[in-house]
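Some notes on the structure that comes next.
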Amino acid sequence: MATIFTQIINGEIPAEKLVEDERYLAFLDIRPIRPGHTLVVTKEETDYLFDLDDATLGGLLPFAKQLSGPIQRATGCQRVGVMVAGLEVPHCHVHLVPMDAISDLNFAHSSEASPEELADVAARIRAEM
């Protein structure tokens, strides 16, 4: 069965998509740690980050990098933190989290965002791209 991320990639589940190309997709997390929390996923459904081929792995952070400035400007955060946890969904992904302190990178702070909140943040990020 396809992962939830593959279903988002295929348009079977709605998401606030920010940017995509032939190998990657970035969209807002529905349970953000902070508003603007973005997931960057490979379109290839691979469970473990280090099982990716070198070209896909090597392109993941440069793809994610294009979002750091827009997320920072849209949210007013000091930095955009990067996390690779990889246990929540068996599909390679990177978390981009607006942060002002290291303690902001804590999944205990996540909570469900409404579709309206996600749409608002997505619009602000897209406006900064």
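The values are calculated or read from the model by the stated rules, or taken from the named source; none is laboratory data. Treat the numbers as computed from the prediction; the structure is a model and nothing was measured. Please note: Cβ atoms are built from the backbone with ideal geometry, for glycine as well, and neighbour counts cover all protein chains shown. These accessible areas exclude ligands, DNA and RNA; they are computed on the full protein's heavy atoms, side chains included. Shrake-Rupley method; radii C 1.70, N 1.55, O 1.52, S 1.80 Å.
Could you please find all residues in region 1-15 being open to solvent by less than 70 Å² (accessible area, probe 1.4 Å) and farther than 24 Å from residue 98 by Cβ? I'd like the intermediate steps shown before the answer.
Taking region 1-15 and keeping what is open to solvent by less than 70 Å² (accessible area, probe 1.4 Å), we get 2-3, 5-9, 11, 13, 15.
Residues satisfying the conditions are 2, 3, 6, 7, 11.
Any residue in region 61-73 that is assigned to a loop (DSSP other than H, G, I, E, B) and within 25 Å of residue 115 (Cα to Cα)? Full working, then the answer.
Narrowing region 61-73 to residues assigned to a loop (DSSP other than H, G, I, E, B): none.
Scanning region 61-73, I find no residue that is assigned to a loop (DSSP other than H, G, I, E, B) and within 25 Å of residue 115 (Cα to Cα), so the answer is no.
Show the residue pairs that are 6+ apart or on different chains and have beta-carbon atoms under 6 Å apart, the first residue being within region 109-127 and under 20 Å from residue 72 (Cβ atoms) and without any contact (Cβ under 8 Å) to a residue 40 or more places away in the chain, the second being in a helix (DSSP H, G or I) and open to solvent by less than 90 Å² (accessible area, probe 1.4 Å).
Once the first residue is under 20 Å from residue 72 (Cβ atoms) and without any contact (Cβ under 8 Å) to a residue 40 or more places away in the chain and sits in region 109-127, no partner that is in a helix (DSSP H, G or I) and open to solvent by less than 90 Å² (accessible area, probe 1.4 Å) comes close enough.
So, residue 45, is that one part of a loop (DSSP other than H, G, I, E, B) and surrounded by 12 or more Cβ atoms within 10 Å (Cβ to Cβ) or not?
Values: part of a loop (DSSP other than H, G, I, E, B): yes; surrounded by 12 or more Cβ atoms within 10 Å (Cβ to Cβ): yes.
Yes, satisfied.
Could you look through region 74-87, keep only residues that are modelled with pLDDT of 95 or more and assigned to a loop (DSSP other than H, G, I, E, B), and pick out the one that is surrounded by the fewest Cβ atoms within 10 Å (Cβ to Cβ)?
Residue satisfying both the conditions and the ranking: 76.
When the residues of region 16-42 are narrowed to those that are among the hydrophobic types (A, V, I, L, M, F, W, C) and part of a loop (DSSP other than H, G, I, E, B), which ends up least open to solvent (accessible area, probe 1.4 Å)?
33
Going through region 21-53 one residue at a time, which ones are touching a helix residue (DSSP H, G or I) at 6+ places or on another chain (Cβ under 8 Å) and of a type in the set (D, E, K, R)?
21, 23, 34, 43, 44, 45
If residue 58 passes every condition in (1) more than 20 Å from residue 81 (Cα to Cα); (2) loosely packed, with under 15 Cβ neighbours inside 10 Å but one, which one does it miss?
Every condition holds for residue 58 apart from (1).
Consider region 88-129. How many of its residues are open to solvent by less than 40 Å² (accessible area, probe 1.4 Å) and assigned to a loop (DSSP other than H, G, I, E, B)?
Here the count works out to 6.
Determine if region 46-66 includes at least one residue that is of a type outside the set (Phe, Trp, Tyr), over 18 Å from residue 21 (Cα atoms) and in contact with a Pro (Cβ under 8 Å, 6 or more places away or on another chain). Before you say what the answer is, go through the steps one by one.
Narrowing region 46-66 to residues of a type outside the set (Phe, Trp, Tyr): 46-47, 49, 51-62, 64-66.
Checking which are over 18 Å from residue 21 (Cα atoms) leaves us with 47, 49, 51.
When the remaining residues are screened for being in contact with a Pro (Cβ under 8 Å, 6 or more places away or on another chain), the result is 47.
The answer is yes, given that some residue of region 46-66 is of a type outside the set (Phe, Trp, Tyr), over 18 Å from residue 21 (Cα atoms) and in contact with a Pro (Cβ under 8 Å, 6 or more places away or on another chain).
With the structure loaded, tell me whether residue 89 is among the aliphatic types (A, V, I, L, M) and touching a strand residue (DSSP E or B) at 6+ places or on another chain (Cβ under 6 Å) or whether it fails that test.
Working: among the aliphatic types (A, V, I, L, M): yes; touching a strand residue (DSSP E or B) at 6+ places or on another chain (Cβ under 6 Å): no.
For residue 89, the condition - among the aliphatic types (A, V, I, L, M) and touching a strand residue (DSSP E or B) at 6+ places or on another chain (Cβ under 6 Å) - is not met.
Out of the residues in region 61-73 meeting the condition of being touching a residue at least 40 places away in the same chain (Cβ under 8 Å) and in contact with an Asp or Glu (Cβ under 9 Å, 6 or more places away or on another chain), tell me which one is surrounded by the most Cβ atoms within 10 Å (Cβ to Cβ).
Taking the candidates together, the pick is 71.
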